[in-house]
Amino acid sequence: MEHQQMAALPAERVQVAPPFTYVGVDVFGPWEIVSRRTRGGVFNSKRWAVMFSCMCSRAVHIEVIEAMSTSSFINALRRFFAIRGPAKQIRSDCGTNFIGASRELEMDLSNPGFKRVEEYLNTQNCTWVFNPPHASHMGGAWERMIGIARRILDCMLLEQKRSHLSHEVLTTLMAEVTAIMNARPLIPVSSDPESPLILTPAMLLTLKLGSAPPPPSGSFQEAHLIRVQWKQVQSLADMFWNKWKHEYLKTLQLRYKWQGKRPNLQEGDVVLLKDNQAKRNQWPVGLITKTFPEEDGLVRKVQVEIVKDGARKAFSRPVTEVVLLLSSKSDSVN
């Protein structure tokens with residue numbers, strides 16, 4: 001498989017912004033619940049969960065939905081906006097429910113046929129960005145959160161029989177999972193007795209320090225913090241972002257893989273298009289018809305055209321999903 005040097009962090013990961021201004025979204029599940037009891041037994045149905053992950057503070061918010069449909073997702077999105085406030089940007093993969101939701105809300109700028117897009121975005125101040133298909137690594141910021149939530153739920157559901165799980169119990173479990181995840185430390189816990197404060201997403205969301213004693217107030221005097229509540233809130237928020245910039249942000253700069261630059265794929269290159277549902281010798285051969293260089297000049301996304309059933313079809317794929325067979329440069333040399 002091809003690969004390219006790991007891209008720099010998106011701008012929304014490295015700038016100070018209110019919680020859930022920049023959000024990554026994914027859906028996980030399902031779980032069977034008892035929806036109603038009948039004379040013959042119980043009637044079970046399924047529930048899924050939508051996770052909203054803040055790109056900068058790393059806080060999470062989970063909503064339970066009744067179906068993997070656009071309508072259910074839009075309801076969850078509206079509940080999220082009502083509780084956490086409107087977002088400026090939403091990122092997700094290319095799941096069909098996300099595509100449908102963005103179209104119904106007129107938030108997808110890639111389709112010029114939508115009406116009132118500009119008017120809607122001016123009022124909501126929100127855009128929707130889709131990662132390329134088959135590029136789950138580009139959504140790693142929220143995919144890791146899904147993995148954490150699954151592990152916590154597996155442990156909690158050991159104490160609760162699945163056949164007796166109700167909608168109310170599942171919703172409560174999701175609230176508990178949210179609290180646990182938002183209480184996780186973002187940086188290694190310091191052994192310095194002069195720095196007892198642990199940086200967590202909950203510190204910003206609740207503006208409470210839990211059992212830890214309040215640290216020095218910086219520009220505010222301690223007596224003022226006790227008497228004037230708004231100054232205490234401001235002090236805690238400033239404290240979070242100061243630790244976020246000086247301790248957490250530098251941990252994001254490391255590239256653990258894909259550290260070196262490789263030659264860019266170019267238009268005219270002949271490639272194999274990876275297909276997980278087919279054997280390797282049955283992968284279709286395609287031609288790169290368009291590349292998408294990023295700000296650093298490196299190509300991490302391409303458009304591949306193949307011929308299938310006598311018709312030409314174009315697919316947008318990350319470079320990790322193609323295998324270079326013949327470079328267009330070699331043709332020009334020969």
Check your understanding: Of all residues in region 292-334, how many are farther than 17 Å from Asn131 by Cβ and of a type in the set (Val, Ile, Thr)?
Key -> 4
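Residues checked against (1) surrounded by 14 or more Cβ atoms within 10 Å (Cβ to Cβ); (2) more than 13 Å from Glu267 (Cβ to Cβ); (3) touching a Ser or Thr at 6+ places or on another chain (Cβ under 9 Å):
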| site | (1), (2), (3) |
| --- | --- |
| Ile288 | yes, no, yes |
| Thr291 | yes, no, no |
| Val302 | yes, no, yes |
| Val307 | no, yes, no |
| Gly310 | no, yes, no |
| Ser316 | yes, yes, no |
| Leu325 | no, yes, no |
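Those residues that are modelled with pLDDT of 80 or more and part of a loop (DSSP other than H, G, I, E, B), I need them from region 276-296; list them, please. Before the answer, list the steps.
To start, the set of residues in region 276-296 that are modelled with pLDDT of 80 or more comprises 282-296.
Correct list: Trp283, Pro284, Glu294, Glu295, Asp296.
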**Study point:** Lone unmet requirement of (1) surrounded by 11 or more Cβ atoms within 10 Å (Cβ to Cβ); (2) without any contact (Cβ under 8 Å) to a residue 40 or more places away in the chain; (3) within 20 Å of Gln4 (Cβ to Cβ) for Gly297
**Key:** (1)
Check your understanding: Could you say whether any residue in region 95-110 is among the acidic types (Asp, Glu), modelled with pLDDT of 70 or more, touching a helix residue (DSSP H, G or I) at 6+ places or on another chain (Cβ under 6 Å) and not assigned by TED's automatic domain parsing to the domain that holds Phe292?
Key -> no
Exercise for review: Starting from residues that are modelled with pLDDT of 70 or more and basic (Lys, Arg), keep the ones in region 114-160 and report whichever is farthest from Pro293 (Cα to Cα).
Suggested key: Arg151
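Give the residues of region 80-96 that are over 10 Å from Val25 (Cβ atoms) and within 18 Å of the chain's Cα centre (by Cα), sorted by residue number.
Start the filter on region 80-96 by keeping residues that are over 10 Å from Val25 (Cβ atoms), which leaves 81-86, 88-89, 94, 96.
Passing the criteria: Phe81, Arg84, Gly85, Pro86, Lys88, Gln89, Cys94, Thr96.
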Check your understanding: If we keep just the residues of region 250-275 that are closer than 17 Å to Ser327 by Cα and either in contact with a Gly (Cβ under 6 Å, 6 or more places away or on another chain) or part of a helix (DSSP H, G or I) (or both), which is modelled with the highest pLDDT?
Key -> Val271
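The values are calculated or read from the model by the stated rules, or taken from the named source; none is laboratory data. Treat the numbers as computed from the prediction; the structure is a model and nothing was measured. No Cβ is skipped: glycine too gets one built from the backbone with ideal geometry, and neighbour counts run over all protein chains shown.
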